[in-house]
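K.L.:
Attaching a single structure in structure tokens format; questions to follow.
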Amino acid sequence: MSRTRVLIVDDQPLLRAGFKSVLEASGQIDVVGEAATGVEAIEQARRLDPDVVLMDVRMPDMDGIQASGFLLKDAPVEDLLSAVRAVAAGDAQLSPAVTKRLLDQVARRLPAAVDHDETLLEELTARERDVLRLLALGMSNAEIGEALVVAEATVKTHVSSVLSKLGLRDRVQAVIYAYENGLVAPSP
């Protein structure tokens, strides 16, 4: 198995050092560089060609909002490692806490009546709809597997199928789609 090459971008040196220690301790990740600003991050990314850029969302000159995943800085170590692996594999990753906050904010701004795209939803199996609903509630694949009493690998297969059938790029788009099409409703 090849090691994942990571560039860490954060304006706080202590946080960069902490992330570096955690990532390298996994034995599967090499931190190939560090940057303190978004401009430095672009320069380093071009030069080092990392598999993943672990970047703070709030940066002085450029933010990390275009990233494929979001975790809170207090996320458990295993969540961080899992997110790096997921992003390196081409997936998007949102922590359940971030997902819940994001969705509550986005969903409140949606119009009361959204046109449902029933033709695409009809292409989903009942199980795929269940997976999409639970995904939209911010559950991880492991949590969805527990809730539906199926293996995590089976959940991954269903998520991939949902994305493919709905023509979506990642889990973030799937969650937004679920809210827009009334499969889930925002928290009061």
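K.L.:
Heavy-atom accessible area of residue 55 with all protein chains present, probe 1.4 Å, nearest 10 Å²?
P.N.:
Roll a 1.4 Å probe over it and residue 55 shows about 50 Å².
K.L.:
Another one. How much solvent-accessible surface does residue 8 expose, in Å² to the nearest 10, with a 1.4 Å probe and all protein chains in place?
P.N.:
Accessible surface of residue 8 is approximately 0 Å².
K.L.:
Which value, in Å² and to the nearest 10, is the accessible area of residue 120 when all protein chains are kept and the probe is 1.4 Å?
P.N.:
It works out to around 50 Å².
K.L.:
Please list, ordered by chain and number, the residues whose modelled amide H lies under 5 Å from the amide H of residue 35; skip anything fewer than 5 residues away on the same chain.
P.N.:
Counting only residues 5 or more places away or on other chains, the set is 8, 9, 10.
K.L.:
Mind grabbing the base-10 log of I(q)/I(0) for the range 131-181 at q = 0.15, 0.25, 0.27, 0.28 Å⁻¹? Debye formula, identical points on the C-alpha positions, no solvent, two decimal places.
P.N.:
Log-scaled intensity ratios, in q order: -0.34, -0.90, -1.02, -1.08.
The values are calculated or read from the model by the stated rules, or taken from the named source; none is laboratory data. Computed from a predicted model, the values in this text were never measured in an experiment. Areas reflect the complete protein model, heavy atoms only, side chains present, ligands, DNA and RNA absent. Shrake-Rupley method; radii C 1.70, N 1.55, O 1.52, S 1.80 Å.
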